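The structure appears right after this line, and notes come after that.
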Amino acid sequence: MITTRALSKRYGAIAAVRSVDLDVREGDRYGLLGPNGSGKTTLVRMLLGLVYATSGEIEVMGRRMPRHAREVLPQVGALIEEPAAYPHLSARANLALFDAAGPRRSAGRRGRSRRIDDALEQVGLAGVGRRPVKTYSLGMRQRLGLAAALIRRPRLLILDEPGNGLDPRGIRDLRELIIGLNSSGVTVFLSSHLLGEVEQLCTTVGVLDAGRLVLQDELAALRAPTGQILLDTPDADQVCAMLNGQVEQRDGQRLLIRHADPAGLNARLVGAGLRVHAIGPHRRTLEEVVLAVTGTGSDHIGGRS
Amino acid sequence: MIGVELVKLVRRPRTWISLTLTCALPFVVAVFIAVTHLAPPPGQGSAFLYAVLANGALYPAAALALVLPVFLPVTTAVVAGDAIAGEAATGTLRYLLARPVGRTRLLLAKLISVTTYVVLVVVAVTVTAYATGVLLLGPSHAAAVGQSPADAGLAPTAGVAPGGAVTSLSGTPLSLLQLAERTAGAIAFIAVSMLGVAAIALFLSTVTSSALGATLGALAALVASEILVTLNAAAVIQPYLPTRYWLAWIDFFRDPIFWRNIDRGLGIQAVYVVVLLGAAWANFSTKDITA
C-alpha cells in the first residue's frame, strides 16, 4: 500500500529523514512511532506530496508519488498534524468545500450531501454540523478533521497524531472508528508519539529515530515471549533458593526467571508447597521495545546530537 | 477549484465589509459636499471633485480618484496577500493540496478570485457613486472638468462650463454615452492597475506564511514607488515604477482620449503581472509545504 525506498529529506544541513524503507501492506493498521522531531511529520508530508524528497522513491497504491498524485490522493484520507477548517463556515460547508476541491471525477456533486452526513455521523458530530467551526472545542475540531479525511470513503487513511486534543472518550471512539474502518478494508497508517495508543490499535509498528527507521515489524512478533517467566509469589525467598541461578531479577514478590515453560514451572512450585499468585510468560512492553532502539528525543536538550 | 475559491470569497465576511467601507468613503464625501456646497477650488483636492457640484453624473470619476490612492490598494493587497499565506497559516493549504489540488491550479484559482474581488470593488464604487452623485448632487447643471492639458501625474483643475452636456477635460462636450464609455475605460484601467498590486501581494503570499507580511510588503513596495515617482533624481527608473501611470485613467476624460500614458500604464502593469505571477508559480510549485 505504501512503499518507500531509501527515502531521504534534507533541509539544508539537517537530515530530517534518512534512507527510510517503509513497507505498509494492504489491510495493515500501521503505527509509526518516534520521539518529537524524529521525522514523522516530514515523512507523512512526503507521502502526500506536500514535501518533496531529496532522494529515494515513494509508491502509494502501486503508483509513484508525487508524480501520480492526481490518481492516488483522491483515494487517500489524511489528517496532517492539527486539523484545519475555515472558522466562519459550518462543518458542513467546510466539508463541502474540501470535497469540491480536487480532481472533478474523484468526487462529484452527486451524493455529496449524503457523504457529508455519513462522515459527520461516523465521527460523532451529526448534531452540530451546522454550527460555525469557530464555536468548536479542540476535540470537535479533531473530529471534524477526521470527517474531512473520511468524506471520500478512502482506501487508505494517513493520520498524523490523530489522538491530539481528544479526551479519553474521544480516544476510545477514535480507536473503535479506526478498527471498524480497517475491518471493512481500509488500510490505516498513523503516526504517534503515544506508545499506549499504538499498542492498543496497531498490528504493525515502525519506529523512527533521528530520521532513521530503526525498527519495523508486526506488533505480535515484537511482543513475542522473551523466554523468561514472570512470577508473583509470597514465597519469593524460597523460590529464589530453589531456582538458584535462574532468577534474573527480583522486585519484592515479583521475580523474573529464565525458563521456557510457565505451566511446568508452576506445577513444580506448587508440588514443592510454594504459593503462586500469578505466573506467565514475560513479554516486553512496546515501551521497552521502543526505548531500546531509540535515543533521546530532539527536544531533549543536552542529549546526543 | 475556481468555484471553491469564489464560494470562499463570497462567503467571507471580510469581502463585504471591505467593499462596504470602500464605497462608504465617497458617500461620506458626497454628503459633506451636498450639505455645505463647499467643493475644493479648481486645481486643489482630489481629481474631479470641484466639478461634481455642477454635475452629479461625474461623481463616479471623482469617487474613483478618492479611493485609488489608499483604499483600493489596501483592500487589494489584503485579499491577495492572504490568498496563499492565509491558507498556510490556518493550515487549510496542506489539506487543499492533499485533496489533491494542483499547485498551479490553486494559484490560478486564487488569481481569478482576487481579480473578481478587484473588479467587484471598482464596479461597486462606480455604481454607488453614480447613485450618490445623481441623488445628492443632482444631474441638473452641466460641468466642464478643467481645461488644463495637465501632466497626467497632477490632479486636473476643474471649471464649470456655461450650459450644455458634460464637458471633457479638453473643453469639448461629451454625451452621456461617451461619459459612460470613458468611465468604463477608467474602471478597466484602474482594475488592471490593481492587478499589478495583486500580483506583488500574491507573489509575497507564496514566499511567507504570514498574510500580514505579504500585504504590508506589497504596500511598502507601492509607497516606495510613490516616493520615487516624485523624486527628480530617480527620473531614470520612473517609467518602470508600478504607480507611475496610476493616474493615467484621467486621460480617458480628455477629448480625444489621450492614449499615450494609458498604453504605457497598461504595458507596465502587464509586465509586473506576468513577471510576478511567473515568480509566484516558480516558487509555489517547487516549495515544501511545511506549514
With just the Cα atoms of the range A:192-305, tell me how far they stretch along each of the three principal axes, in Å, largest first. 53, 33, 21
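Tell me, rounded to the nearest percent, the portion of alpha carbon pairs in the range A:228-282 spaced more than 19 Å apart.
Numbers: 121 of 1485 pairs.
Cα-Cα pairs of the range A:228-282 separated by over 19 Å account for 8 percent.
Based on the inverse mean of 1/r over its pairs of different Cα atoms, what is the Kirkwood hydrodynamic radius of the range A:58-151, in Å? Kindly include the intermediate steps, with their values, before the conclusion.
On the way: mean 1/r = 0.0721 Å⁻¹.
One over the average 1/r among Cα pairs gives 13.9 Å for the range A:58-151.
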Angle in degrees between helix B:211-229 and the longest Cα principal axis of chain B, rounded to the nearest 10: 40
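What is the calculated FRET efficiency for A:Gln249 to A:Arg64, with r their C-beta to C-beta distance and R₀ = 56 Å, to the nearest 0.05? Show your work: numbers first, answer last.
Details: r = 50 Å, r/R0 = 0.89.
Rounded to the nearest 0.05, the efficiency is 0.65.
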The protein assembly as shown - mean residue ellipticity at 222 nm from DSSP helices (-39,500 (n - 2.57) per run, n ≥ 4, rounded to 500): -15000 deg cm²/dmol
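If you roll a 1.4 angstrom probe over the protein chains with everything in place, what fraction of the accessible area of chain A belongs to carbon and sulfur, to the nearest %? Intermediate results must be reported in sequence, preceding the final value.
On the way: 6840 of 14300 Å².
For chain A, the apolar C and S fraction of the accessible surface comes to 48 percent.
Could you give the semi-axes, largest first, of the ellipsoid that matches the range B:194-291, computed as the square roots of 5 times the alpha carbon gyration tensor eigenvalues and rounded to whole Å? Could you put the intermediate results ahead of the total?
Values: eigenvalues 175, 46, 25 Å².
Three semi-axes, in Å: 30, 15, 11.
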In degrees rounded to 10, the 0-90 angle between helix B:71-90 Cα long axis and the longest Cα principal axis of chain B is 10
For a quick size check, give me the Cα extents of the range A:20-176 along its three principal axes, largest first, whole Å. 45, 38, 28
P(r) tail fraction, the range B:1-130 - alpha-carbon pairs more than 22 Å apart, %: 46
For chain A, state the average projected area of the convex hull of the C-alpha atoms over all orientations, rounded to one decimal in nm². 19.9
Rounded to whole Å, sorted largest first: equivalent-ellipsoid semi-axes of the range B:2-285, Cα gyration tensor: 36, 21, 15
Karplus 3J(HN,Hα) series, Hz, for the range B:9-16 with 6.51 cos²θ - 1.76 cosθ + 1.60 (x for Gly, Pro): 4, 5, 8, 8, x, 3, 3, 7
For the range A:1-96, what number results from the quotient of the Cα radius of gyration and 2.2 N^0.38 Å? 1.19
Looking at the protein assembly as shown, what % of the alpha carbon pairs are farther apart than 42 Å? 44
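The values are calculated or read from the model by the stated rules, or taken from the named source; none is laboratory data. It should be emphasised that the depicted structure is a prediction, and the values quoted were computed from it without experimental measurement. Heads up, the Cβs are rebuilt from the backbone with ideal geometry, glycines too, and the neighbour counts pull from every protein chain shown. We work out accessible area using only protein heavy atoms, side chains counted, and drop any ligands, DNA or RNA first. Shrake-Rupley method; radii C 1.70, N 1.55, O 1.52, S 1.80 Å.
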